[in-house]
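For reference, the structure discussed in these notes is given below.
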Amino acid sequence: VVIIAVVAAGLCGLGYAKLIYAPACAEAQEAAYPAEISFQSGNFGLALNGDDRNLGFADICSQYGAKAGKAVYLYAASCAAQLGQWEDCLEYAGRYCGKDPILAARAIALKADAYVALGDTAQAAGTYEKAAAKAENAFAAAYLVKAGLAYESLGQNAKALKLYLKVKNDYPQS
């Protein structure tokens, strides 16, 4: 009985994966394609919100979630940032959970940009530092400079100087 139950559970899981989940992923990725084209052409409003014929990233995120790929949240956050929709940018960037360090750092930096735009400079400074720690590449230098600028605006010049020196020493070609 136990063996039959284990086999039945395995077959149910396999059936779900092949018959329900995989087609939903394919449908979601197909729906995301027009939004990606709009994003690449710089039409961020259309990419985020879609039109009568195509879904935008906002709709794709709500209808399909990560079935269209984890990057849909990063696309949506980028579009929202370009449109000045900072609360939405925070939400989408917070939902991105990809493992690529460059993209993960970009999502964190988008959150920091949103904090700056919303007037929470202290939160932004720390978030930029998190983005730099996640990136550990040439982008890290830019995030550290942004963190330094945030600290300067807060009057914390010693922290800003420390970050600028880190950029100078660790990323001399940036």
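The values are calculated or read from the model by the stated rules, or taken from the named source; none is laboratory data. Worth saying up front: this structure is predicted, and the values here are computed from it rather than measured. When we count neighbours, we look across all protein chains shown, and the Cβ atoms used for this are built from the backbone with ideal geometry, even at glycine. Heavy atoms of the whole protein, side chains included, go into the accessibility calculation; ligands, DNA and RNA do not. Shrake-Rupley method; radii C 1.70, N 1.55, O 1.52, S 1.80 Å.
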Scope segment 80-105; condition basic (K, R) and in a helix (DSSP H, G or I); matching residues: R95
Restricting segment 161-174 to residues that are of a type in the set (S, T, N, Q) and loosely packed, with under 14 Cβ neighbours inside 10 Å, the residue that is modelled with the highest pLDDT: N169
Search result, residues across segment 109-136 that are within 21 Å of A71 (Cβ to Cβ) and either surrounded by fewer than 22 Cβ atoms within 10 Å (Cβ to Cβ) or charged (D, E, K, R) (or both): K111, D113, K130, K134, E136
Selection count, segment 22-79, where residues are closer than 20 Å to G94 by Cβ, of a type in the set (S, T, Y) and either open to solvent by less than 50 Å² (accessible area, probe 1.4 Å) or not in a helix (DSSP H, G or I) (or both): 3
Y128 under 18 Å from P172 (Cα atoms), among the aromatic types (F, W, Y) and at pLDDT 95 or above: no
Residues located in segment 137-160, provided they are more than 16 Å from A124 (Cα to Cα) and open to solvent by less than 100 Å² (accessible area, probe 1.4 Å): N137, A138, A158
Residue match in segment 57-76 (condition: within 23 Å of A141 (Cα to Cα) and in contact with a helix residue (DSSP H, G or I) (Cβ under 6 Å, 6 or more places away or on another chain)): yes
